[in-house]
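Let me begin by presenting the structure, written as structure tokens, before commenting on it.
Each value in this text was obtained by applying a stated rule to the coordinates, not by laboratory testing. In this text, all values refer to a predicted model and were calculated from it rather than measured experimentally. Neighbour counts are summed over all protein chains in view; Cβ atoms, including those assigned to glycine, are modelled from backbone coordinates with ideal geometry.
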Amino acid sequence: MSAAVIDPHTFDELQANAGADFVAELVDTFAEEAPPLLAEMRSALAAGAAERFRRAAHSLKSNSSTFGATRLAGLARELELGGLPAGAGGIDALAREFETTLVALKALARP
Amino acid sequence: MSAEVSVGPFGRFAILTAERRLLVDGEPVTLGSRAFDLLAALVARRDRVVPKEELIEVVWPGLVVEDNNLQVQISALRKVLGAQAIATVPGRGYQFTVAAAAEAKVRPALRAGHGTSQRGARLLVADDNKVNRLLLCRSLELMGHTVASADNGRAALERLRSEPFDLLLLDLEMPEMDGFGLLEQRTADPAALHDVPVIVTSSLEGVAPIARCIELGADDYLHKPVNPVLLKARVDSSLERKHLRDRQRELLARLAPGAVGEAAPGAATGGRTEATILVARLRELDALAASQPAQETLELLGSWTTLMLDAVESQGGAVLQIAGDAISVVFGAAMPSASGVAPGAAVRAAREMGELMAQFNAERIATGKAPVGLAVGIASGEVVAGYTGTPQRTAYVCVGAAVERAARLEALAGGSAGAVLIDGATRAAVAGRVSTDTVSPAVLPGSSTAVAVHALKPAT
């Protein structure tokens with residue numbers, strides 16, 4: 001069995017520390033900010049720009065960890081530290097995991 | 001001279017708001033700066049019961065403070081004004097009661113405290129990632145700070161140049177100008193920026209970025225996602241250090257006008273002077289830290305430091321160093337006072353520390369916690385004192401045999417009964433005014449020759 005999409009402990013702590021309403025808004029912000037980062041990764045890959053690629057992956061990893069999105073953070077971290085990949089397969093997998101994560105986050109944020 | 005603003009008189013005493021002094025029968029009475037703020041707040045609101053939270057917000061603006069601190073300050077005020085002067089209304093708060101206060105029992109008049117009270121902190125957050133930025137701002141606002149933000153290093157730099165901030169929280173990877181770039185600018189333009197401490201927040205992995213930030217003068221480094229308990233501890237600690245630096249700078253400016261410009265690396269200003277050094281340490285911390293949650297240890301340290309600073313400020317001492325469970329203070333060197341008063345002020349501060357600790361322990365025991373001990377060493381002599389440092393880090397320093405001796409006396413006190421130990425020079429200066437037991441001759445830790453050591457007897 002794979003790890004949970006969202007680590008409930010991290011998410012609960014975040015809500016306890018920052019307030020549930022604020023976290024719901026923060027999830028909305030993440031929903032707006034992540035797609036441009038995925039697009040940045042694709043464009044950096046096409047341009048062969050390793051540093052731009054790493055930075056975008058780093059931002060995604062950082063935000064995923066904040067919400068306790070462990071699996072998404074793990075995928076982003078592999079891309080951050082792995083250098084410019086040969087193909088877009090890793091980004092595709094990251095984008096799919098982001099969709100799954102977002103559904104789970106929205107359900108947790110506004111039950 | 002500004003016009004004197006006073007409140008009262010209430011029976012035998014009056015409060016001089018502008019001078020931050022309490023007068024009893026026309027004589028100034030010693031009061032720590034927090035205690036003064038608390039009294040002023042209670043008097044201004046004497047028509048009603050004031051909730052604890054409101055008092056804490058007035059006295060420790062922008063800081064998250066335990067109830068314990070407030071109770072200790074209330075106890076201190078009651079000692080000066082009489083127990084009936086401040087009524088406890090269970091579950092609601094405290095109220096200043098004028099008629100009872102008129103009957104105030106009064107301590108002997110001493111020089112009044114002059115400490116500056118801490119402002120509500122203004123923080124700047126620099127982070128290009130919107131999720132991180134919003135969350136960090138939110139966390140800091142919940143701690144009671146005023147927070148502004150910038151989404152890259154250049155924008156942050158512009159804000160730092162155009163308005164005052166108490167602390168910068170800085171991300172490393174940002175467009176336009178990254179965190180390293182900003183730290184380098186800060187070194188290049190110290191006049192505008194070196195007074196603002198920086199805490200770096202980043203999720204970059206490895207120790208290389210941390211090392212580089214520290215080299216570039218950052219105060220501290222926090223990994224993202226930022227742990228809220230650590231964030232509060234580090235922010236409080238940086239703000240306190242800045243507060244002390246500002247205050248020491250003020251004191252030195254009074255001592256040697258013009259000397260406190262932009263200190264060049266390695267440069268020291270100041271000179272030789274007679275001074276008394278006091279070193280105080282919280283005892284049994286290691287045992288407590290091993291047996292209680294980290295948060296409780298942090299709170300204990302915070303409360304202890306607050307109490308010690310109150311005692312120091314009320315006697316006009318200047319803090320040299322706060323290192324976790326120890327605090328070093330100088331009396332005399334940076335004070336514009338007449339010579340010869342420093343040993344007495346240090347001894348009074350030690351007594352006040354003991355009294356505050358007794359009240360603090362009473363509160364701890366009442367809540368089922370173990371009491372904590374205090375060890376104090378005091379030594380007098382010639383020291384070289386002044387303001388030194390690099391553009392990133394500045395400190396008021398004090399060097400001399402008395403500094404070493406005070407630390408060794410504290411170690412000796414901590415190893416035995418937890419008493420206040422003073423050296424021969426201090427004892428000679430306060431002879432006839434305080435009573436002491438001679439422990440000497442004793443070989444102090446780290447020394448091979450026996451010197452005179454005296455234990456301060458409790459005040460009667």
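Here are some notes:
- Note on B:Glu141/A:Ala93: beta-carbon distance plugged into 1/(1 + (r/R0)^6) with R0 of 45 Å gives a FRET efficiency of 0.75.
- Rg/Rg_globular for region B:131-181, with Rg_globular taken as 2.2 N^0.38 Å and Rg from C-alpha atoms: 1.13
- Its relative contact order, with pairs defined as Cα atoms under 8 Å and 6+ residues apart, puts region B:124-214 at 28 percent.
- Given their separation in residues at 0.36 nm each and the Cα-Cα distance between them, B:Ala358 and B:Ala148 gain 71.5 nm when the chain is fully extended.
- 19 Å reach of a label modelled at B:Asp25, 7 Å along Cα-to-Cβ, counting backbone N of region B:58-80: B:78-80
- With Cα atoms as the point set, the radius of gyration and Dmax of region A:10-111 evaluate to 13.9, 42 Å.
- Chain A: angle of helix A:89-109 to the longest principal axis, Cα-based, in degrees nearest 10: 10
- In region A:49-104, inverting the average of 1/r over every pair of distinct C-alpha atoms gives 11.1 Å as the Kirkwood radius.
- Over chain A, relative contact order from alpha-carbon pairs under 8 Å, at least 6 apart, %: 35
- Extension gain, B:Ala431 to B:Ala188: 0.36 nm times the residue separation minus the Cα-Cα distance gives 82.2 nm.
- Our estimate of slack between A:His9 and A:Ala107, defined as 0.36 nm per intervening residue step minus the Cα-Cα distance, is 33.7 nm.
- Residues whose amide H lies under 5 Å from that of B:Asp189, counting only those 5 or more places away or on a different chain, are absent; hydrogens are built 1.01 Å from N in the peptide plane.
- Modelled FRET efficiency - R0 25 Å, B:Arg122 with B:Gln321, Cβ distances, 0.05 increments: 0.45
- Straight-line cross-link partners of B:Lys457 among the lysines, defined as a Cα under 22 Å from its Cα and at least 8 positions apart when in the same chain: B:Lys79.
- ³J(HN,Hα) computed for each position of region A:39-56 - Karplus, 6.51 cos²θ - 1.76 cosθ + 1.60, integer Hz, glycine/proline x: 5, 4, 5, 5, 5, 5, 4, 4, 8, x, 8, 5, 5, 4, 4, 5, 4, 5
- Simple spin-label estimate for B:Gln84 and B:Glu66 in nanometres, 7 Å along Cα-Cβ: 3.3
- Straight-distance crosslink candidates among lysines, where the alpha carbon sits under 26 Å from B:Lys130 and sequence neighbours closer than 8 are dropped: A:Lys61, A:Lys106, B:Lys224, B:Lys232
- Amide H partners (placed H, <5 Å) of B:Gly82, local residues excluded: B:Lys105
- Net charge over other residues, Cβ less than 15 angstrom from the Cβ of A:Leu108 (K, R count +1; D, E count -1): -3
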